[in-house]
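Some notes on the structure that comes next.
The values are calculated or read from the model by the stated rules, or taken from the named source; none is laboratory data. Remember, it's a predicted structure, so these values are computed and weren't measured experimentally. Positions of Cβ are backbone-derived with ideal geometry, glycine not excepted, and every protein chain shown enters the neighbour counts. Side chains are part of the model used for accessible areas, which takes the heavy atoms of the whole protein and leaves out ligands, DNA and RNA. Shrake-Rupley method; radii C 1.70, N 1.55, O 1.52, S 1.80 Å.
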Amino acid sequence: MTRDDTAPSPQAAARALLARNLGGAPLALTSVCSAHPLAIRGACEAAREAGQIALIEATCNQVNQEGGYTGLTPADYAARVRAAAAEAGLAEGRLLLGGDHLGPHPWRHLPAEEAMTRAEAMVAAYVAAGFGKIHLDCSMRCAGDPEALPEPVIAARAARLAAAAEAALGTAPEESRPIYVIGTEVPPPGGMGAGHEIAPTEAGAVRATVEAHRQAFAAAGLERAFSRVVAVVVQPGLDFGNDSVHHFAPDAADALAAEAPALGGLVYEAHSTDYQRREAYPALVARHFAILKVGPAVTFALREALYALEAIERELAPEAPSNLRAVMEAEMLAAPSDWQGHYSGAEAAWLRHFSWSDRIRYYWARPAAAEAVARLEANLDARPWPLPLVSQSLPDCAEALARGDLPMRVNDVALARIRAALAPYYGASAAHDAGAAPG
């Protein structure tokens, strides 16, 4: 990546952009939460093409000082993202690394003090690795906690993690310190269930969350850190499940929109915005949902591309086919812990591959899966693809492939599908300019 030492930090650029959203400008940050290298690369390419900030985030379960389920520490993940950004030609000032739901969740089976000590170490590792956006989430109960944590306890624990983050940076200048997000009112893990009501957060609940955190930060002597709290997570009234999507109803969020100017400079962060209709994203941005988080939809697009390419490979009948779908099925059946709590009954057979929640994303890094994808590349990248097969399996890419605008290579097609999945997000804030995102 190239660097302009005269440009503001990505954190400062993000703060300026979010402030402009509160002023009525159609600006937002697209937050891509994924650990897959192609998903990260595609997000960086999409941000570069749109002239916007690439906000790439990892969750506490994916990435932590103990490796998380990806096996990556914060430093490992940061190196992966920076390498992908460099390959995508993204300017360094346009890359902002984020940590999502950072808190005691990975260690919630432990007593609160032990879980929080580990969470402090995690947050310190994130900021030391250069993560500039930190979502503090201490809403989950640990061993010995009451069933529902009081808001002041949640806020005090979040302030404790903010103190760990600030201490880890020593005497670093204010501009290079992280921006923070608080709150956690998001859809339940695993997506919505049958009959699950999706109602927007009440304005009064938002005020209570912000005020509790303001007081907790002040009690900890963290007023300067609280001045860098830029957003609160709320529920806009949307979600998705295995085979259904609850679509955003703009009018239902008008009360939240009216409340935003009274929050002391905070915007809203919306989670689980995957698979919404295209018109939902500008409607969200107009109502001060200025950070839009997407995850499974990106790897769903990746899986769609790979399976479509395997259909072409199957017709070409190479001597050593990838058998990609069969390999993925075998991997998921051999290690079902990442999907069996979410899929059940006869439908599980197809949900393993095609669910909106995209639990298959947990399996792409397994050696057998990586080998199958590599075999698919070897079989397809070395020869032209018959255009009738392209039209059948990749109709949205057919014209670009026929013209030669899109190379007939597996990774190029996968990246194109990822960028297409992200296009509605970046299109919702098309008024970005050089002042909003330095290059």
* **Surface share of carbon and sulfur [accessible, 1.4 angstrom probe, percent] for the range 142-282** => 54 percent
* Scale the Cα Rg of the range 300-373 by the rule-of-thumb value 2.2 N^0.38 Å and send over the ratio, two decimals. => 1.10
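Calculate, for the chain, the solvent-accessible area per residue in square angstrom, rolling a 1.4 angstrom probe over the heavy atoms of the protein chains.
Working: 17310 Å² over 439 residues.
Per-residue accessible area for the chain comes out at 39 Å².
Kindly give the semi-axes, whole Å and largest first, of the ellipsoid equivalent to the chain, taking each as the square root of 5 times a Cα gyration tensor eigenvalue.
Values: eigenvalues 257, 118, 93 Å².
Calculated on Cα positions only, the semi-axes equal 36, 24, 22 Å.
So which GluC sites (Glu not before Pro) in the range 116-225 pass both tests, a DSSP loop state and at most 11 other Cβ atoms within 10 Å of the Cβ? Before the final figure, lay out the partial values.
On the way: sites: 120, 147, 166, 174, 175, 185, 197, 202, 211, 223; in loops: 147, 185, 197, 202.
In loop regions of the range 116-225 (DSSP not H, G, I, E or B), the sparsely surrounded GluC sites (Glu not before Pro) are 147, 197.
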* How high is the FRET efficiency from residue 368 to residue 348, r the C-beta distance, R0 22 Å, rounded to 0.05? -> 0.60
* Looking at the square roots a ≥ b ≥ c of the eigenvalues of the Cα gyration tensor of the range 331-439, which shape do they give, rounded for a/c under 1.5, prolate if a/b is larger than b/c, or oblate? -> oblate
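Given the Cα-Cα distance of residue 252 and residue 277 and 0.36 nm per residue of separation, how much length would full extension add, in nm? Show your work: numbers first, answer last.
Numbers: separation 25, 0.36 × 25 = 9.00 nm, distance 1.61 nm.
Extra length from residue 252 to residue 277 when fully extended: 7.4 nm.
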* Asked: Expressed as an acute angle from 0 to 90° and rounded to the nearest 10, what is the orientation of the C-alpha long axis of helix 324-334 relative to the principal long axis of the chain?
  -> 50 degrees
* Asked: In degrees between 0 and 90, to the nearest 10, how far off the longest principal axis of the chain does helix 367-381 point, with axes built from Cα atoms?
  -> 50 degrees
* At residue 151 and residue 199, where each label point lies 7 Å from the Cα along Cα→Cβ, what is the point-to-point distance in nanometres? -> 1.6 nm
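For the chain, what relative contact order do you get, as a whole percent, if you take Cα pairs closer than 8 Å and at least 6 residues apart? Spell out each step's value before the answer.
Values: 804 pairs, mean separation 88.5, N = 439.
Worked out over the chain, it gives 20 percent.
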* To do: Just grab the label-to-label distance for residue 16 and residue 378, each label 7 Å out from Cα along the Cβ direction, in nm (one decimal).
  => 5.0 nm
* Contour excess over end-to-end distance, with Cα ends at residue 307 and residue 423 and 0.36 nm allotted per residue -> 39.6 nm
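Report the local net charge at residue 157: Lys and Arg +1, Asp and Glu -1, summed over other residues whose C-beta lies under 14 Å from its C-beta. Write down the numbers at each step before the final one.
On the way: positive: 108, 118, 141, 160; negative: 113, 114, 120, 137, 145, 151.
Within the 14 Å Cβ shell, the charges total -2.
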* To do: Can you figure out the FRET efficiency of residue 330 with residue 243, using R₀ = 22 Å and their beta-carbon distance, to the nearest 0.05?
  => 0.40
* **DSSP beta bridge pairing in the chain, given as percent antiparallel to the nearest 5** => 5 percent
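Mind checking the full-extension length gain between residue 215 and residue 262? Use 0.36 nm per residue of separation minus the Cα-Cα distance, one decimal, nm.
Details: separation 47, 0.36 × 47 = 16.92 nm, distance 1.65 nm.
Once the chain is fully extended between residue 215 and residue 262, it gains 15.3 nm.
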* Angle between the chain longest axis and helix 151-168 axis [Cα atoms, degrees, rounded to 10] -> 80 degrees
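Can you tell me the order of 256-266, 23-33 when each peptide is scored by its average per-residue count of other Cβ atoms within 10 angstrom, highest first? Show your work: numbers first, answer last.
Values: 256-266: 16.7, 23-33: 21.6.
Highest-to-lowest ranking by the protection proxy: 23-33, 256-266.
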* Asked: Any idea how far apart residue 208 and residue 86 come out in nm if each label point goes 7 Å out from Cα toward Cβ?
  -> 4.9 nm
* **Per-q log10 I(q)/I(0), the range 143-281, q = 0.13, 0.15, 0.22 Å⁻¹ (Debye; single scatterer per alpha-carbon; no solvent)** => -0.66, -0.84, -1.30
